1. Using beta carbons and a limit of 8 Å, which pairs, at least six apart or on different chains, have the first residue in the range 93-115 and over 13 Å from Val43 (Cβ atoms) and the second one part of a loop (DSSP other than H, G, I, E, B) and among the acidic types (Asp, Glu)?
2. Within the range 27-38, track down each residue that is part of a loop (DSSP other than H, G, I, E, B), out of contact with any helix residue (DSSP H, G or I) (no Cβ under 8 Å at 6 or more places or on another chain) and either closer than 15 Å to Ile142 by Cβ or modelled with pLDDT of 90 or more (or both).
3. Here is a list: Leu24, Leu81. Which entry is touching a Lys or Arg at 6+ places or on another chain (Cβ under 6 Å) and modelled with pLDDT of 95 or more?
4. What are the residue pairs meeting all of these: first residue in the range 35-50, first residue over 16 Å from Tyr92 (Cα atoms), second residue exposed (fewer than 12 other Cβ atoms within 10 Å of the Cβ), Cβ atoms under 7 Å, and 6 or more apart or on different chains?
5. Among the residues of the range 39-61, is any assigned to a helix (DSSP H, G or I), exposed (fewer than 14 other Cβ atoms within 10 Å of the Cβ) and modelled with pLDDT under 90?
6. List, please: which pairs have Cβ atoms under 7 Å, are six or more places apart or on different chains, and start with a residue in the range 11-28 that is under 17 Å from Val79 (Cβ atoms) and end with one that is hydroxyl-bearing (Ser, Thr, Tyr) and modelled with pLDDT of 90 or more?
7. Can you tell me how many residues within the range 36-66 are within 15 Å of the chain's Cα centre (by Cα) and not polar (S, T, N, Q)?
8. If a residue counts only when it is surrounded by fewer than 17 Cβ atoms within 10 Å (Cβ to Cβ), which strands (runs of 3 or more DSSP E) contained entirely in the range 62-146 have at least 1 such residues?
Amino acid sequence: MENIINNRTLTANKLLELPSPVLLCSKRDDFIQAIADADIQTVSLNLPLARELMGKTENEIATSVTATALRLMPDGLPVFLSDYEMLFDPRYKLDVIKVFCEISRYNTLIVKWCGSFDGDALIYAEPGYDDYSRYRVSDYEIACVI
């Protein structure tokens, strides 16, 4: 599978046929419309995840955040993940792309990427910030639409 797909050569229908997880790095209204038309459930993870983790110690959170995120996904349904920034909290020590890959084992997953793309890597935050992360696309079994 080609990991990086140019959005100019991709139709909205073909987007829905890509192997999961798909990370959308470009904004195209027809992609968003196709996702809505396909009855793919939009999941906003930040608030429910924060509620589930409230009151836990930092260690408890670090060891349970992935399992908690998985439990918050609808059973077996396709998901469009839009708000998940708290996964980048450096205290959790997560490889967020691996979390997406884990979710995609149980749900078809399309992710609205909240960072940038630099040619071969997904970037979250800016260098020098604690939550800065850089993920080489070729290191993962993902489809990245740029």
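1. Once the first residue is over 13 Å from Val43 (Cβ atoms) and sits in the range 93-115, its partners that are part of a loop (DSSP other than H, G, I, E, B) and among the acidic types (Asp, Glu) give Cys101/Glu141.
2. Within the range 27-38, Ala38 is the sole residue that qualifies.
3. The conditions single out Leu24.
4. From residues that are over 16 Å from Tyr92 (Cα atoms), the pairs are Gln41/Pro74.
5. Yes, the conditions are met somewhere in the range 39-61.
6. Within 7 Å, the pairs are Ser20/Ser104; Ser20/Thr108; Pro21/Ser104.
7. 5
8. 79-83, 121-124, 133-136
The values are calculated or read from the model by the stated rules, or taken from the named source; none is laboratory data. As the structure is a computational prediction, the values presented were derived from the model and not from experiment. Here Cβ is always computed from backbone atoms with ideal geometry, including for glycine, and neighbour counts include all displayed protein chains.
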